[in-house]
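In what follows, a single structure is set out as structure tokens and then discussed.
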């Protein structure tokens, strides 16, 4: 509602209320002027009744403001009707008759119209024109029939006996009485047709009728037989009825939503028929006793007949509207069914088709082309008939608790094609409108094709056409479930496939994978399964024993080693490594079989590639051991499980300790002492060497600081790998450790194995020069076992070379022939030389004779804890004075 309309309605309400109360006050003044003090006359009684009704109407208006918005208007209209009647009676008190009485009768007539509008609207949240029309016409017919009977049998004879001369005043009093009877008929028919709040609406109708009747009784007794007692009692009854209506309004404030109840159309039509019968009986009685029908009664009968005609007109339009809605729904349903993949069939208890939609996109037919009257089983594919018949029989026998069954059937259509369908048959024999089975048939052919394609894609590698990992695992599970001991799994990985991708491009790589898959397929037996697991990794599941699997792996390695010719006539050579595992080694779990084959493949890779290996339990143990060491090593520093031991380096000139090599040791609380030969490779594979090297440098720097505090000037060497030297942060970590310990950088030696110089030599040389520029000395470890040539040796920023043990010692304890040559080479290059691995007196004497400056080995001293080395250095004055 717009603000302007809201203001206009508020202004109208205030104006009407002001007019009512002005009339009531005027009546009070007029009665007080005319009446004698202390005497109650009929005018005073009527004025008191109007005052009470006006107060009740105002109070009801205020209470209705708290009723739910949808019904508030109806109660306020009733309150306005009460105030109109009060205004009419009050006006008759101060306006002379017959004008005053006529105005009062007009007021009651207007109030009757207001009551009717409010009560007709009351069952709905808002104004429903069609519902109000039906209630008004049906109720009007019943009310007019009652009015006809009452008027003809009671009212007209009474008026002729008591009011021989009916004037205008009598007519305006009789009109509201007549409308009250009509309203009573409307109330009866409406109450029986409601779905909810039926009792409360009946109370509202009854209260309004009582208010109207008591008010009219007050006016009638005042105008026709004015006695103060009668008028006073009717006025009190009027006020009491208004109070009861206020109670009904107050209860409507807390009215909660009600559950819909069934209406009673039979009772409704019985009431209408009873009213018509009552009117007919009155007509017959009047004809038998009086004779001709008077004009006034004929007019009432004509009005009743008019309402009946109006009801027929409304029924006609209702039928036309419902028919149009049904036609629209039918057209909509036909449009939907025509484009849908579903169709419907209605079956009788004998499973014969009794109905199907004419507008459906397709129609099931039998072999003879029939549908209606044909058996539903005859519509089905021959292989589906038996199962469908059994399921439908169980449905008819009530064995299905849900009352429906879902069938996957092939049904013939009118084009003689078999359609894959999902048919849901529901038992509706208990429904009066059906009394049979309803089969909803959905064409799932497209969905089935899509599911088949998706299943194929889900279990097939799109590039090679081989099975994928999911399909392989499924076949493995099937083999394990069947306990097939004649099952072997081959895992294949191409050697050097990454180089093909990097040098020739991914298109050539894909072409190579396709050719590899073709060669694999050529080797497969009908019972074998070839799969691509991803990238350049393939698998072959064989129904074969161990020897047959080995033979297949040998043929596979030979086949893959043959050259590959691409579309541009270029040739690529690649090989493959194969791992073999059999079901006897992993029968309980397909994942174990797959893991064993993967371990065998790793063994083949480590053994040199282009070969096959079978699963080996010892190799499995080593891998498990390596994995366990890798996991435990990650927290070894934080758990303080690592320590450094030191192997002294002796100067042969004065037989004093001149330095020491820091060697890493690991003591695990559960694994015990772990050999460096085990955990150093594990650290290299897992990328932990950076952390270990930084930790070792920090501990060595701390040890140097401790020795310096005792006057010991021995240097310490720490082994580092090429991975640390290729990071810029390592040099920073080294300098930070030396600065924090407060020791000279020249007392730290970093040992780099000769093997490391084969990786990015220029970068490595630059990093070593940076460390050397900071004062750290560099030692070339294991010289003579790696890749550095004599020409490159002069380029290397190295201060010390440590001769590899293989150049010094023989297996029989003798001296290697190249020891003296290597020592002389280091001397000519200006480098310090350390001969490591001295384990016999013969080797020591040979080093002395060759002029080796420094030696290191188990003959002289084994690696020892720092405290033991510290005591040794303290007890040897030569070691203290050696610089």
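The values are calculated or read from the model by the stated rules, or taken from the named source; none is laboratory data. Just so it is clear, the structure is predicted and the values come from calculations on it, not from any experiment. All Cβ positions, even for glycine, are placed from backbone atoms using ideal geometry, and neighbour counts span all protein chains on display.
What the table shows:
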read-out	value
Single match in 621, 595, 625, 611 (criterion: over 15 Å from residue 683 (Cα atoms), outside the structural domain of residue 532 (by TED's automatic domain parsing) and free of Cβ contacts under 8 Å to residues at least 60 places away in the same chain)	621
Only listed residue being surrounded by 19 or more Cβ atoms within 10 Å (Cβ to Cβ) and either at pLDDT below 80 or within 51 Å of the chain's Cα centre (by Cα) (or both), chosen from 576, 635, 687, 659	576
Residue in segment 507-525 that is outside any helix (DSSP H, G or I), under 26 Å from residue 615 (Cα atoms) and in the same structural domain as residue 478 (by TED's automatic domain parsing) present	yes
Residue within segment 319-342 that is touching a strand residue (DSSP E or B) at 6+ places or on another chain (Cβ under 8 Å) and not in a helix (DSSP H, G or I) present	yes
Strands (runs of 3 or more DSSP E) (entirely within segment 558-667) containing at least 1 residues that are farther than 14 Å from residue 491 by Cα	642-651
Residue check for residue 530: closer than 24 Å to residue 504 by Cα, touching a helix residue (DSSP H, G or I) at 6+ places or on another chain (Cβ under 9 Å) and crowded, with 21+ Cβ neighbours inside 10 Å	no
Index of the failed condition, residue 749 passing every other in (1) assigned to a loop (DSSP other than H, G, I, E, B); (2) closer than 15 Å to residue 831 by Cβ; (3) at pLDDT 90 or above	(1)
So residue 124, is it farther than 16 Å from residue 208 by Cβ, within 60 Å of the chain's Cα centre (by Cα) and at pLDDT below 75	yes
Number of the exception - residue 519 against (1) over 33 Å from the mean Cα position of the chain (by Cα); (2) within 30 Å of residue 413 (Cβ to Cβ)	(2)
Sole exception among (1) more than 17 Å from residue 350 (Cα to Cα); (2) not assigned by TED's automatic domain parsing to the domain that holds residue 592 for residue 464, by number	(2)
Unique residue being in contact with a helix residue (DSSP H, G or I) (Cβ under 8 Å, 6 or more places away or on another chain) and modelled with pLDDT of 90 or more when the list is 740, 731	740
Matching residues in segment 849-883 - criterion: being outside any loop (DSSP other than H, G, I, E, B) and modelled with pLDDT under 85	849, 850, 874, 875, 877, 878, 879, 880, 881
The lone exception for residue 680 - which of (1) in a helix (DSSP H, G or I); (2) in contact (Cβ under 8 Å) with a residue 24 or more places away in the chain it fails	(2)
Check on residue 266, assigned to a helix (DSSP H, G or I), out of contact with any helix residue (DSSP H, G or I) (no Cβ under 7 Å at 6 or more places or on another chain) and at pLDDT 80 or above	no
So residue 423, is it under 18 Å from residue 541 (Cβ atoms) and either more than 35 Å from the chain's Cα centre (by Cα) or outside the structural domain of residue 530 (by TED's automatic domain parsing) (or both)	no
Members of segment 708-723 found to be part of a helix (DSSP H, G or I) and in contact with a helix residue (DSSP H, G or I) (Cβ under 7 Å, 6 or more places away or on another chain), listed by number	722, 723
Flag for residue 183 being on the phi < 0 side of the Ramachandran plot, modelled with pLDDT of 75 or more, part of a helix (DSSP H, G or I) and assigned by TED's automatic domain parsing to the domain that holds residue 103	no
Flag if residue 541 is assigned by TED's automatic domain parsing to the domain that holds residue 579 and either in contact (Cβ under 8 Å) with a residue 60 or more places away in the chain or in a strand (DSSP E or B) (or both)	yes
Scope segment 153-167; condition at pLDDT below 80 and in a helix (DSSP H, G or I); matching residues	154, 155, 156, 157, 158, 159, 160, 161, 162
Residue that is nearest to residue 212 (Cα to Cα) [pool: residues in segment 46-68 that are without any contact (Cβ under 8 Å) to a residue 12 or more places away in the chain and part of a helix (DSSP H, G or I)]	55
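Listed here are the residues, each with its yes/no results for (1) within 30 Å of residue 369 (Cα to Cα); (2) free of Cβ contacts under 8 Å to residues at least 24 places away in the same chain.
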| site | (1), (2) |
| --- | --- |
| 427 | yes, no |
| 447 | yes, yes |
| 455 | no, yes |
| 476 | no, no |
| 496 | no, no |
| 517 | no, no |
